[in-house]
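Visitor: This is the structure, below, for whatever I ask next.
The values are calculated or read from the model by the stated rules, or taken from the named source; none is laboratory data. Since the structure is predicted, the reported quantities are computational estimates derived from the model, not experimental observations. When we count neighbours, we look across all protein chains shown, and the Cβ atoms used for this are built from the backbone with ideal geometry, even at glycine. When the accessible area is computed, the model is the full protein with side chains, heavy atoms only, and any ligands, DNA or RNA have been set aside. Shrake-Rupley method; radii C 1.70, N 1.55, O 1.52, S 1.80 Å.
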Amino acid sequence: MEARLEELGDFWAQVLDFAEKTAVRVGSQLMADFGQVQAAEKLDGSLVTQSDKWADQEIREAIAAAFPTHGVLSEEGEHIFPDTEWCWIIDPLDGTTNFARGIPIWGISIGLFHQGFPVFGYVYLPPLKQTFSAFWNEKSENSLTENPQGAFLNSQPIHTSQDDLSKNHFFSFCTRSISAIEHPFPCKIRMLGVATYNFLMVAAGITLGGVEATPKIWDIAAVWTIINAAGGAWVPLEQESIFPLEAGKDYSNRSYPTLVLSRPDLVPVFQPLVQSLSQSAKP
């Protein structure tokens, strides 16, 4: 961490240091709870545990202490995007079902937005001892000239796969997207059960693609930055633009059906196979 911090400006070094220390602290307690807690069903059918709620409060309080002028939007807290220059979007425990059932694929997702655009992403997966982070800036206006660039896994640079498509490469689906599987499918199929990890495997060069039918803003806030910084192609499966997020808008019911691929030239191959998933995101 120290080597990377020296290469960043003071603000971005503070952002990275904050995300790392907060995620490690919260992750340590979540590891103690892992597989030991009871889950309840929320109105949308997803699961929540007391660990989710505790982690959410801990992260929100940490943000308030370190960045008092920044807003926060989180899965277990406020869903209305605030009218602040900077906003953190967090999923305190992505993969609650895995967490509650003892499957070691779950994590803490933290994204930082500037004027409604994602500029920093951080995902920590305690059971796997994996930390993904990225800086990205692709705004046409109000550019952050000192914003660094790059995607990292455990502080090492990562990039999406440049391999040619073959039946021996992986592509990941979510449970709500399995209806799009056509046989024969161009790749081997996997289902990881966690939206962020699905897309992170593309960023790390392990899979060629992944699709999520109904991710919410807190599912994609951090990984959007990581995918783009790693050279991947983020393909929304609906017409409405994602960014900038709008102050005062409630994002609790907005889904973002998304296809992520390692390279843009794979879009014509996979998009026709999953385009119908945009309908599943409609209320």
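Visitor: Going by the structure shown, is Y251 modelled with pLDDT of 95 or more, among the hydroxyl-bearing types (S, T, Y) and either more than 19 Å from L93 (Cβ to Cβ) or surrounded by fewer than 24 Cβ atoms within 10 Å (Cβ to Cβ) (or both)?
Guide: Spelling it out, Y251 is indeed modelled with pLDDT of 95 or more, among the hydroxyl-bearing types (S, T, Y) and either more than 19 Å from L93 (Cβ to Cβ) or surrounded by fewer than 24 Cβ atoms within 10 Å (Cβ to Cβ) (or both).
Visitor: Also, I was wondering about something else. Could you please find all residues in region 99-127 being over 16 Å from S51 (Cβ atoms) and basic (K, R)?
Guide: Passing the criteria: none in range.
Visitor: Condition test on K42, is it modelled with pLDDT under 95, in contact with a Pro (Cβ under 9 Å, 6 or more places away or on another chain), surrounded by 13 or more Cβ atoms within 10 Å (Cβ to Cβ) and not hydrophobic (A, V, I, L, M, F, W, C)?
Guide: Answer is no for this residue.
Visitor: Evaluate the following for T22: is it of a type in the set (S, T, Y), touching a strand residue (DSSP E or B) at 6+ places or on another chain (Cβ under 8 Å) and assigned to a loop (DSSP other than H, G, I, E, B)?
Guide: For T22, the condition - of a type in the set (S, T, Y), touching a strand residue (DSSP E or B) at 6+ places or on another chain (Cβ under 8 Å) and assigned to a loop (DSSP other than H, G, I, E, B) - is not met.
Visitor: Ok, one more. Could you tell me whether D52 is of a type in the set (D, E), at pLDDT below 95 and part of a helix (DSSP H, G or I)?
Guide: Against the criterion (of a type in the set (D, E), at pLDDT below 95 and part of a helix (DSSP H, G or I)), D52 qualifies.
Visitor: Give region 133-151 a look and list any residue that's open to solvent by 100 Å² or more (accessible area, probe 1.4 Å) and modelled with pLDDT under 65, or say none.
Guide: Of everything in region 133-151, those that are open to solvent by 100 Å² or more (accessible area, probe 1.4 Å) and modelled with pLDDT under 65 turn out to be S140, E141, T145, E146.
Visitor: Then there's this: Which residue is most open to solvent (accessible area, probe 1.4 Å), if the candidates are limited to region 50-81 and must be of a type in the set (V, I, T) and farther than 19 Å from Y251 by Cα?
Guide: T69
Visitor: State whether the residues of region 252-273 include one that is assigned to a strand (DSSP E or B), more than 30 Å from C187 (Cα to Cα), in contact (Cβ under 8 Å) with a residue 60 or more places away in the chain and not basic (K, R).
Guide: No.
Visitor: Here's something else I'd like to know. If I ask for residues that are part of a strand (DSSP E or B), in contact with a helix residue (DSSP H, G or I) (Cβ under 7 Å, 6 or more places away or on another chain) and not aromatic (F, W, Y), which ones from region 82-112 would you list?
Guide: I89, I90, D91, P92, L93, D94, G107, I108, S109, I110, G111, L112
Visitor: Pull up region 233-244, narrow it to residues that are more than 16 Å from the chain's Cα centre (by Cα) and not hydroxyl-bearing (S, T, Y), then point me to the one that is most open to solvent (accessible area, probe 1.4 Å).
Guide: Looking at the filtered set, the residue picked out is Q239.
Visitor: Let me ask another. Which of the residues spanning region 112-132 are at positive phi and open to solvent by less than 10 Å² (accessible area, probe 1.4 Å)?
Guide: G116, the sole residue that qualifies.
Visitor: So, one more: Can you name every residue in region 101-111 that is open to solvent by less than 10 Å² (accessible area, probe 1.4 Å) and either farther than 12 Å from G193 by Cα or in contact with a Leu (Cβ under 6 Å, 6 or more places away or on another chain) (or both)?
Guide: Residues satisfying the conditions are G107, I108, S109, I110, G111.
Visitor: Something else: How do the strands (runs of 3 or more DSSP E) wholly within region 152-228 filter down when requiring 3 or more residues that are surrounded by fewer than 24 Cβ atoms within 10 Å (Cβ to Cβ): which remain?
Guide: 188-190
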